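Trainee: Have a look at this one.
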Amino acid sequence: MEEKVGFKRALSAALVLGLYAGFMLAVGVAQFKIEDNALQSGFFIWGVTIITSAIFLTPILSMGRRRGRPDTEEDVLEVRAQLQDLNEGVGGWRTLSHVRGEGMGVSISLSDATNPLLIIGSSLKLGDRIRLIFRFGKTETELRDRVLLLLEQKVNRSRIQRRTKSLTVMPDIKFDRGVIITRAMMLCPPLMVGGALGFSSVSPGEPALTIAGGVAGAMLGFLIITNKGT
């Protein structure tokens with residue numbers, strides 16, 4: 001069962017998001033106010049955004065799942081169990097010696113493997129949840145190229161990190177409500193302010209251009225948030 005974020009953590013996150021988004025909106029409002037109370041209006045918008053975020057975002061974020069896995073060693077054991085049938089005995093490829101934990105992922109060395117493509121095909125069954133790092137020797141450039149072609153056929157290219165001696169498959173990103181809300185609150189306000197300033201500079205004093213710039217910035221933020229690559 002997935003562990004929920006909880007009320008306290010959700011409230012803290014909502015306040016931080018409101019603080020950031022409110023500041024960006026306050027800057028935009030203050031920029032376009034021509035009255036003497038521009039600073040006061042900016043602070044008012046800032047406070048309203050923080051309070052609104054705390055009220056509306058906290059219950060939504062509290063229902064989200066916590067990110068990450070508690071222990072990388074659990075991933076190592078799971079990958080070893082998945083590849084158990086491909087052991088080649090002492091002196092050959094074995095899960096105990098060739099599958100190890102590395103940072104936040106699992107490193108799989110393909111050295112000494114008679115059937116490296118079978119190892120990759122089997123381990124990729126766990127690639128949606130576990131970060132897999134396939135490692136090669138200095139002289140195994142041909143094998144690396146073959147593996148890269150296989151990975152590009154099996155997973156989205158945006159999930160593959162390429163290094164000279166390794167190829168890493170990142171877990172598939174799940175866009176739940178918490179992720180979308182967080183990214184929207186971080187990206188959209190500055191893009192909206194930037195778009196409004198840019199459009200209004202074409203013809204100062206035209207509210208329609210300012211609104212159009214803000215909408216364009218929000219649309220750009222939405223495209224960035226939902227983009228998964230090709």
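Trainee: Taking the residues in segment 133-165 that are in contact with a helix residue (DSSP H, G or I) (Cβ under 8 Å, 6 or more places away or on another chain) and aliphatic (A, V, I, L, M) as candidates, determine which candidate is surrounded by the most Cβ atoms within 10 Å (Cβ to Cβ).
Mentor: Per the criteria, the residue is LEU151.
Trainee: Quick one: which residue in ILE181, ILE130 is β-branched (Val, Ile, Thr), surrounded by 16 or more Cβ atoms within 10 Å (Cβ to Cβ), closer than 30 Å to ARG9 by Cβ and touching a Pro at 6+ places or on another chain (Cβ under 7 Å)? Working first, answer last.
Mentor: On the way: ILE181 fails: touching a Pro at 6+ places or on another chain (Cβ under 7 Å).
That would be ILE130, the only listed residue that is β-branched (Val, Ile, Thr), surrounded by 16 or more Cβ atoms within 10 Å (Cβ to Cβ), closer than 30 Å to ARG9 by Cβ and touching a Pro at 6+ places or on another chain (Cβ under 7 Å).
Trainee: Moving to a separate point now. Output the qualifying pairs, or none if there are none: Cβ atoms under 8 angstrom, residues six or more apart or on different chains, first residue in segment 180-209 and among the aliphatic types (A, V, I, L, M), second residue outside any helix (DSSP H, G or I).
Mentor: Taking only residues 6 or more apart or on different chains, the pairs are LEU209/SER203.
Trainee: If you don't mind, there's one more thing I want to ask. Considering (1) out of contact with any Lys or Arg (no Cβ under 9 Å at 6 or more places or on another chain); (2) outside the structural domain of PHE23 (by TED's automatic domain parsing); (3) in a loop (DSSP other than H, G, I, E, B), say which one GLY205 fails and leave the rest.
Mentor: Going through the list (1) out of contact with any Lys or Arg (no Cβ under 9 Å at 6 or more places or on another chain); (2) outside the structural domain of PHE23 (by TED's automatic domain parsing); (3) in a loop (DSSP other than H, G, I, E, B), GLY205 breaks only (2).
Trainee: Next up: Under 7 Å between Cβ atoms, at least 6 apart or on separate chains: pull out the pairs that start in segment 134-146 with a residue that is more than 13 Å from ARG162 (Cα to Cα) and end on any residue that is surrounded by fewer than 17 Cβ atoms within 10 Å (Cβ to Cβ).
Mentor: Close Cβ pairs satisfying both conditions: GLY137/SER111.
Trainee: Please determine whether any residue of segment 207-219 is in contact with a Cys (Cβ under 8 Å, 6 or more places away or on another chain), closer than 28 Å to GLY22 by Cβ and surrounded by 14 or more Cβ atoms within 10 Å (Cβ to Cβ).
Mentor: Quick first cut of segment 207-219, residues in contact with a Cys (Cβ under 8 Å, 6 or more places away or on another chain) only: 217-218.
When the remaining residues are screened for being closer than 28 Å to GLY22 by Cβ, the result is 217-218.
If we keep only those that are surrounded by 14 or more Cβ atoms within 10 Å (Cβ to Cβ) too, we end up with 217-218.
For segment 207-219, residues in contact with a Cys (Cβ under 8 Å, 6 or more places away or on another chain), closer than 28 Å to GLY22 by Cβ and surrounded by 14 or more Cβ atoms within 10 Å (Cβ to Cβ): present.
Trainee: Regarding ILE119, is this residue more than 30 Å from VAL90 (Cβ to Cβ) and not acidic (Asp, Glu)? Don't jump to the end; show me each part of the working.
Mentor: Numbers: more than 30 Å from VAL90 (Cβ to Cβ): no; not acidic (Asp, Glu): yes.
For ILE119, the condition - more than 30 Å from VAL90 (Cβ to Cβ) and not acidic (Asp, Glu) - is not met.
Trainee: Within segment 134-151, restricting attention to residues that are among the acidic types (Asp, Glu) and part of a helix (DSSP H, G or I), which residue is nearest to the chain's Cα centre (by Cα)? First the steps, then the outcome.
Mentor: If we filter segment 134-151 for residues that are among the acidic types (Asp, Glu), which is where we start, we get 140, 142, 145.
With part of a helix (DSSP H, G or I) added as a condition, the list becomes 142, 145.
Details: GLU142: 31, ASP145: 27 Å.
Here the residue is ASP145.
The values are calculated or read from the model by the stated rules, or taken from the named source; none is laboratory data. Please read these numbers as outputs of a predicted model, since none were measured by experiment. All Cβ positions, even for glycine, are placed from backbone atoms using ideal geometry, and neighbour counts span all protein chains on display.
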